[in-house]
1. Residues in segment A:66-96 that are surrounded by fewer than 14 Cβ atoms within 10 Å (Cβ to Cβ) and touching a residue at least 24 places away in the same chain (Cβ under 8 Å): how many?
2. Within segment A:43-51, does at least one residue satisfy the condition of being over 17 Å from residue A:75 (Cβ atoms), within 14 Å of chain B (Cβ to nearest Cβ) and at pLDDT below 95?
3. Tally the residues that are under 16 Å from the mean Cα position of the chain (by Cα) and among the charged types (D, E, K, R), restricting the search to segment A:52-87.
4. Where residues in segment A:19-54 are of a type in the set (Ser, Thr, Tyr) and without any contact (Cβ under 8 Å) to a residue 40 or more places away in the chain, which of them is surrounded by the fewest Cβ atoms within 10 Å (Cβ to Cβ)?
5. Taking helices (runs of 4 or more DSSP H) that do not extend beyond segment A:1-106, which have at least 1 residues that are within 19 Å of residue A:124 (Cβ to Cβ)?
6. Find the residue count for segment A:1-52, including only residues that are on the phi > 0 side of the Ramachandran plot and of a type outside the set (A, V, I, L, M).
Amino acid sequence: MTDRISIMCVSGMHERIQMAAMTAATGSVSGMDICIFLSMNALPYFVKGRDAKPPHEGEMGELMAGKNVPPFKQLFEQAKELGGAKVYACSMAMDVLEVSEDDLDEMLDGPLGLTRFLSDAGGGQILVF
Amino acid sequence: MSEENVKVVDARGSFCPGPLMELISNMKQIEVGDVLELLSTDKGSVADVPDWVNKVGHEMVGSEEKDGVWHIRVRKTK
């Protein structure tokens, strides 16, 4: 049976989004069924036209900025392309931001409600970043 | 003995999981039986790549360090 990991990415801090992307990428290419749910302060970084970079939470974020660390969007894209991961936007957060599906980055698989996300997660692990 | 078809993927300077993702991306572009040689300065690659190879069913050919660079060779089996 395929392991399933559901990832809730809600922080707007760079290190946390990066860690969520790293987990999604490595998990999906290792054969895990990965579903990512972007909500709260993470979602604005996946809206077209919002090019601001997430702020650093601490020393690691500052250090990573000066090194050849794969960008988190690239890792999410690789999780999808190489491992079949799904990336959804929280429909409630979209309503709050007043954005439509057309406003989301092309990479996203569309809006998803929390109820459906939790239902799909089933008995699998849910990781929160 | 016939010469192996080896493609080198240079991921030196990239941090985790960059080298592994580079390897996987390139694996899709080579033929079954061909070998990829990943060059990585990320020490985690030495453990991560064999673990991934084992999980998905390819074949580890070997790994060695030369002057701070890991040379990890993987054969595509499927």
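1. Count: 1.
2. no
3. 6
4. The selected residue is A:45.
5. Numbers: elements: A:14-29, A:59-65, A:72-83, A:91-97.
Per the criteria, A:14-29, A:72-83.
6. 2
The values are calculated or read from the model by the stated rules, or taken from the named source; none is laboratory data. The structure displayed is predicted, hence computed values, not measured ones. All Cβ positions, glycine included, derive from the backbone under ideal geometry; neighbour counts span all protein chains shown.
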